[in-house]
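The values are calculated or read from the model by the stated rules, or taken from the named source; none is laboratory data. The structure displayed is predicted, hence computed values, not measured ones. Cβ coordinates were reconstructed from backbone atoms using ideal geometry, including for glycine residues, and neighbour counts include every protein chain displayed. Heavy atoms of the whole protein, side chains included, go into the accessibility calculation; ligands, DNA and RNA do not. Shrake-Rupley method; radii C 1.70, N 1.55, O 1.52, S 1.80 Å.
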Amino acid sequence: AKKVTPFDAADYLTNEKAIAAYLNEALATGDTAFILHALGTVARAKGVSKIARQAGVTRESLYRSFSKTGNPEFGTVMKSLKAMGIELHAEPA
């Protein structure tokens with residue numbers, strides 16, 4: 001029997017280029033829940049405790065914010081993005 005392990009995108013987000021591509025794809029969906037989940041995946045790839053500490057929130061709060069039912073304040077999202085080393089940019093639709 002073959003051993004199968006659950007897929008975790010965080011295992012493949014090993015460099016900044018991969019992280020940017022992953023988040024850009026998530027943002028392109030326009031699905032808020034999926035985008036929050038993607039941000040949580042990036043946080044796990046980079047280390048949730050480290051990101052939470054740099055963003056000035058608790059680890060538990062960060063997990064809740066980026067869960068499927070999360071509803072973080074925009075300030076929390078921005079602080080978390082900064083801690084992850086990610087910048088948002090706008091361009092015309």
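See the values below:
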{"read-out": "Any chance Thr41 is β-branched (Val, Ile, Thr) and farther than 14 Å from Ala9 by Cα", "value": "no"}
{"read-out": "Per-region count, the range 1-22, residues closer than 22 Å to Thr69 by Cβ and either of a type in the set (A, V, I, L, M, F, W, C) or surrounded by 15 or more Cβ atoms within 10 Å (Cβ to Cβ) (or both)", "value": "4"}
{"read-out": "Of all residues in the range 78-93 being modelled with pLDDT of 95 or more and over 22 Å from Asp11 (Cα atoms), the one that is least open to solvent (accessible area, probe 1.4 Å)", "value": "Met78"}
{"read-out": "Tally, over the range 23-69, of residues that are assigned to a loop (DSSP other than H, G, I, E, B) and open to solvent by 20 Å² or more (accessible area, probe 1.4 Å)", "value": "9"}
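Quick grid of which residues meet (1) in a loop (DSSP other than H, G, I, E, B); (2) among the hydroxyl-bearing types (Ser, Thr, Tyr); (3) under 10 Å from the mean Cα position of the chain (by Cα); (4) over 18 Å from Thr32 (Cα atoms):
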{"position": "Gly75", "(1), (2), (3), (4)": "no, no, no, no"}
{"position": "Met78", "(1), (2), (3), (4)": "no, no, no, no"}
{"position": "Leu81", "(1), (2), (3), (4)": "no, no, yes, no"}
{"position": "Leu88", "(1), (2), (3), (4)": "yes, no, no, no"}
